[in-house]
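Here the structure comes first, spelled out in structure tokens, and everything after it is commentary.
The values are calculated or read from the model by the stated rules, or taken from the named source; none is laboratory data. Everything quoted here is computed from the prediction, not taken from an experiment. Note: ideal-geometry Cβ built from the backbone for every residue, glycine included; neighbour counts use all protein chains shown.
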Amino acid sequence: MGYKILSKKEICPNQYEITVDAPYVVRNAKAGQFIIFRVEENGERVPLTIADVDKSTGALTLVFMAVGYSTKKLASLNVGDELIDIAGPLGRPTEIKKYGTVVCLAGGYGAAPCYLIAKAFKEAGNKVYMIMGARNKDLIFWQDKMRDACTELFITTDDGSLGEKGFVTTVLERIIEKEAVNYAIAVGPMPMMRAVAELTRDKGIYTEASMNPIMVDGTGMCGACRVTVGGKTKFACVDGPDFNAHEIDFDEVINRTKIYKDEEKKRSENCNLLSMVK
């Protein structure tokens, strides 16, 4: 049985939102968890964070950027086409409880998983601030959904083309100066999450960061998502993806991520050379 695509749209340049009929996944899905999909038989297994669910219809919403073979293949599918399989929900859900004032910080693609997290915290009785940041206005999406999911929404862009010019940490610092913040969670690029952790560390604000960007196989077997937390080795896919941001060795994760990117660039260049020879 395949998983039929119910809707599909490009929400940002090269970034897509699809909904898939996956009632068995949706039934138990919680904020912060992820799934693994395969587009076709013998295709690679790719993890994606759950962006939204509709418990009444069984529709699963995923947001992804078409950057590799499998995500580009997924982007080429249309409504009515099917994914061969989806496994999930996987990972530990974000711990939702009433803290008081919660700040969710989403950098770029991090806005997708942050939606369900903010919504869950708001439903638990928290005052929820959402800060969305991106390089420019073209990379900001789901503004209306985010406003519904939180108490107040802030938008920052590096170039000032939408919202406030600057970074998510600028807004976070302003909120902290104005009122007590009890919990913060950051989802997005590693440098952004590290900056959030450094800002909240001395202020005694419990902060978590989502390590979902470094996952590969999603079962703890490949070891690509290993991260040092509090001096101990953890695996984002089975022990996380959320960890105490003040205990994460971000330098280690960022350095390893650079190695993966360099290797991927080399493979891509080699494939291009082979194509030219043929």
Here is a check on your reading of the model: is ILE96 among the aliphatic types (A, V, I, L, M), in a loop (DSSP other than H, G, I, E, B), surrounded by 15 or more Cβ atoms within 10 Å (Cβ to Cβ) and in contact (Cβ under 8 Å) with a residue 60 or more places away in the chain?
yes
Selected residue (criterion: nearest to GLY107 (Cα to Cα)) from residues of the stretch 118-136 that are at pLDDT below 95 and surrounded by fewer than 17 Cβ atoms within 10 Å (Cβ to Cβ)
ARG135
Closer than 30 Å to ALA124 by Cβ, exposed (fewer than 14 other Cβ atoms within 10 Å of the Cβ) and small (Gly, Ala, Ser): is that true of SER7 in this structure?
yes
Working only within the stretch 99-108, note down all residues that are surrounded by fewer than 22 Cβ atoms within 10 Å (Cβ to Cβ) and either under 13 Å from the mean Cα position of the chain (by Cα) or at pLDDT below 95 (or both).
GLY108
Got a sec? Which of ALA236, ALA197, ALA180, ALA186 is buried (at least 23 other Cβ atoms within 10 Å of the Cβ) and either at pLDDT 95 or above or basic (Lys, Arg) (or both)?
ALA186
Given the criterion among the hydroxyl-bearing types (Ser, Thr, Tyr), in the same structural domain as MET190 (by TED's automatic domain parsing), under 30 Å from GLY2 (Cα atoms) and touching a Phe, Trp or Tyr at 6+ places or on another chain (Cβ under 9 Å), identify the matching residue among TYR109, TYR129.
TYR109
Search result, residues across the stretch 41-70 that are outside any loop (DSSP other than H, G, I, E, B) and touching a Ser or Thr at 6+ places or on another chain (Cβ under 6 Å)
VAL46, ALA51, ASP52, ALA59, THR61, PHE64
Taking the stretch 47-71 and the residues there that are charged (D, E, K, R) and surrounded by fewer than 16 Cβ atoms within 10 Å (Cβ to Cβ), the one that is farthest from LYS145 (Cα to Cα) would be LYS55
Residue selected from the stretch 32-42 under the condition surrounded by fewer than 23 Cβ atoms within 10 Å (Cβ to Cβ) and touching a strand residue (DSSP E or B) at 6+ places or on another chain (Cβ under 9 Å), by the criterion nearest to ILE117 (Cα to Cα):
GLN33
Any residue that is free of Cβ contacts under 8 Å to residues at least 40 places away in the same chain, closer than 19 Å to GLY218 by Cβ and surrounded by fewer than 19 Cβ atoms within 10 Å (Cβ to Cβ) - is there at least one of those in the stretch 74-93?
no
Every residue from the stretch 25-40 that is closer than 22 Å to SER70 by Cβ and not in a helix (DSSP H, G or I):
ALA29, GLN33, PHE34, ILE35, ILE36, PHE37, ARG38, VAL39, GLU40
